[in-house]
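Below is one structure, written out as structure tokens; comments come after it.
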Amino acid sequence: MGTRMLIGDAIAGALPRLRAEAESLLTDTVALWRGGAVTVDDLGTETVGRVVVWTGPALVKDTKSESLRDVVLAAGQVADSLAYTVKLPITCPVQVGDMAEVTASHDPSMVGLSWHINGVPREGHAVLHRCPADLVEVS
């Protein structure tokens, strides 16, 4: 009778391959940035600097197609809500509050758009970070 492999060992052994497979689907490129030093011009206008903390592969998805969500407006009307997920490699140093700006994509209309990272779910066997995010206008 041979040594029996436990499922936990099998999963741990497969994670590097599974992560590489998942990362191969990340076809966008993002610059992940955080707010930096605040500067004030002669008119007293404050500007928060941007500090790029990571650049690399990502996939920005409209998760509405994965799970339809509705928002009930104050007037009682129902409107579709856009829900986005920014998928990043597990090694990416993403934090809640970061901004992910698309710098390259198969969809040229996404280049230059930014998403505010609202959460960074953590789990032991994750193959990617799947971060809920909101599309924002950045000047």
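Rule-based calculations on the coordinates, nothing more; no lab input. This is a predicted model, so every value here is computed, not measured. Methodologically, a virtual Cβ is constructed for each residue, glycine included, from the backbone with ideal geometry; neighbour enumeration extends over all protein chains shown.
Just a few scattered comments:
- Amide H contacts under 5 Å for residue 55: 32, restricted to partners 5 or more places along the chain or on a different chain, H placed in the peptide plane at 1.01 Å from N.
- Of the peptides 31-44, 120-133, 3-16, the ranking by mean beta-carbon count within 10 Å, highest at the top, reads 120-133, 31-44, 3-16.
- Under 5 Å from the amide H of residue 113 lie the amide H atoms of 102, each residue being 5 or more positions distant or on a separate chain, with H modelled from the backbone and absent for Pro and chain starts.
- Phi angles of segment 117-123 translate, via the Karplus equation with coefficients 6.51, -1.76, 1.60 and θ = phi - 60°, into HN-Hα couplings of 7, 8, x, 9, x, 10, 7 Hz per residue; Gly and Pro are given as x.
- Backbone phi angles across segment 32-48, fed through the Karplus curve with coefficients 6.51, -1.76 and 1.60 (θ = phi - 60°), yield HN-Hα couplings of 9, 9, 10, x, x, 5, 8, 10, 10, 7, 4, 8, x, 7, 8, 10, 8 Hz in residue order; Gly and Pro are listed as x.
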